[in-house]
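What follows is calculated from the coordinates using simple rules that are stated; it is not laboratory data. If you're wondering where the values come from, they're calculated on a predicted model, not measured in any experiment. Heads up, the Cβs are rebuilt from the backbone with ideal geometry, glycines too, and the neighbour counts pull from every protein chain shown.
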Amino acid sequence: MKKVIFLLTVLLSFGLGAGSEASAARKATSSQMQKLKLKKKWRAYDPGEVFFRDNAPQTEGSKIYNRIIPEPAPYIRENALLVLQTLYRGPKDPNVPKLKRIYYSLDDYNGVSEKYGHGDHVGIRYSTRWIERSFAGGDTARLDYETRGVLYHELTHAYQLEPKNCGQYTDGGEYWCFIEGMADAVRVACGCFEQDFQSKDRPRAETWRKGYRVAGYFLYWIQLNKDKDFLRKFNRSAAELETWSWDAAMRHVLGDRPENGVEALWAEYRRAIGEVE
Ligand SMILES: [Zn+2]
């Protein structure tokens with residue numbers, strides 16, 4: 001199912017112009033990235049063997065990528081471990097999906113990136129045209145920042161849990177919002193969107209149901225203000241709740257009280273970041 005789903009994701013984000021998979025990579029805050037350290041317990045973990053393939057070696061994007069990332073497989077592996085660390089407490093967590101292979105390719109197409117496949121074999125494509133656009137101005141740090149950011153998003157799809165009995169990806173409802181909101185929450189938490197709620201990276205919206213960065217920043221705020229393990233617990237709620245919903249999952253993780261319902265938290269968040277009075 002995810003295969004179809006994530007193709008759609010990319011098409012959708014393109015239909016919307018500056019889509020949500022796409023980041024308008026702004027200042028490359030490499031200082032943020034340096035803060036992100038892989039914990040010792042993950043270092044020897046096998047996130048799945050990475051197979052890199054360049055399907056567009058004639059393109060400028062491919063040349064840029066290969067110059068900036070001369071060894072893609074270890075680069076992808078390292079970032080996969082950072083995503084796993086953001087989603088799970090440790091390698092012993094029985095919920096951690098065991099991937100055998102991660103196919104990663106550069107392709108010449110109109111898009112940003114997409115994850116496909118399911119089970120223990122997954123693939124991610126990265127667009128050489130997007131690389132060319134992200135490298136406008138020749139800013140190497142910015143391209144690395146953007147490439148990592150896109151990778152965090154897509155790798156989250158490879159490792160995240162899938163909530164049950166809450167619709168399907170294509171209906172744009174709770175399930176979809178979880179899948180895409182978590183992917184951008186991980187990207188923010190890993191420092192590849194600005195970790196500043198006043199930043200232009202955070203889109204303004206009336207409802208968390210917009211998914212992507214709107215939901216992603218909201219989840220990240222909860223992690224900062226309510227529970228430092230929130231993203232891991234929210235991910236785990238997908239395995240723990242038989243009938244999942246945003247509201248049920250928030251209460252499950254934070255305590256079943258009115259102030260922990262999703263709408264109450266959304267209202268509190270918007271007041272806290274100064275979006276509403
Ligand atoms: Zn996505």
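So how many Å³ per residue does the convex hull of the Cα atoms of the chain work out to? Show your work: numbers first, answer last.
Details: hull volume 33.7 nm³, N = 277.
Spelled out: Cα convex hull of the chain, divided by residues, is 122 Å³.
Return the sequence-ordered ³J(HN,Hα) values of region 149-156 in whole Hz as given by the Karplus equation 6.51 cos²θ - 1.76 cosθ + 1.60 applied to θ = phi - 60°, using x for Gly and Pro.
Values per residue, Gly and Pro as x: x, 5, 5, 4, 4, 5, 5, 4 Hz.
Given the rule -39500 (n - 2.57) for each run of at least 4 DSSP H residues, summed and divided by the residues of the chain, what is its mean residue ellipticity at 222 nm, to the nearest 500 deg cm²/dmol?
On the way: 12 runs with 137 residues, N = 277.
Using -39500 (n - 2.57) per qualifying helix, the result is -15000 deg cm²/dmol.
E114's amide H: which non-local residues (gap 5+, or another chain) put their own amide H closer than 5 Å, with H modeled 1.01 Å from N in plane and none for Pro or chain starts?
For E114, the qualifying residues are R125.
Using label points projected 7 Å from each Cα along Cα→Cβ, tell me how many nm separate A272 and Y109, to one decimal.
If labels sit at A272 and Y109, their model points lie 3.9 nm apart.
Using +1 on the beta carbon of Lys and Arg, -1 on that of Asp and Glu, and nothing else charged, what's the dipole of the chain about the Cα centre, debye to 20?
Taking the Cα centre of the chain as origin, the dipole is about 800 debye.
Assigning unit charges at the beta carbon (Lys, Arg +1; Asp, Glu -1) and nothing else, what dipole magnitude in debye, to the nearest 20, does region 169-247 show about its Cα centre?
Numbers: 12 positive and 13 negative charges, 57 e Å.
So the magnitude is around 280 debye.
Would you mind checking region 82-125 for residues with the amide N under 17 Å from a putative spin-label position 7 Å along Cα→C-beta of K164?
94-97
Give me the Kirkwood hydrodynamic radius of region 132-244, using the inverse of the mean 1/r over all pairs of distinct Cα atoms, in Å to one decimal.
Values: mean 1/r = 0.0681 Å⁻¹.
That comes to 14.7 Å for region 132-244.
Using only the alpha-carbon atoms of region 89-146, report the extent along each of the three principal axes, biggest first, to the nearest angstrom.
Between the extreme Cα coordinates on each principal axis of region 89-146 lie 45, 24, 13 Å.
Take the Cα of E263, step 7 Å along the line toward its Cβ, and report every residue of region 233-251 whose backbone nitrogen sits under 14 Å from that point.
Within reach of a label on E263, which here means backbone N under 14 Å from a point 7 Å along Cα→Cβ, region 233-251 contributes 246-248.
Tell me, what is the percent relative contact order of region 172-218, built from C-alpha pairs under 8 Å that lie six or more residues apart?
This gives 51 percent for region 172-218.
So for the chain: antiparallel DSSP bridges make up what percent, rounded to the nearest 5?
Counting only bridges with both partners in the chain, antiparallel ones make up about 30 percent.
Starting from the Cα gyration tensor of region 79-198, multiply each eigenvalue by 5, take the square root, and state the resulting semi-axes largest first in whole Å. Kindly include the intermediate steps, with their values, before the conclusion.
Details: eigenvalues 119, 56, 51 Å².
Result for region 79-198: semi-axes of 24, 17, 16 Å.
I need to check one value: relative contact order of the chain, counting alpha carbon pairs closer than 8 Å and at least 6 residues apart, in percent. List each step's numbers first, then the result.
On the way: 451 pairs, mean separation 50.4, N = 277.
Over the chain, the number comes to 18 percent.
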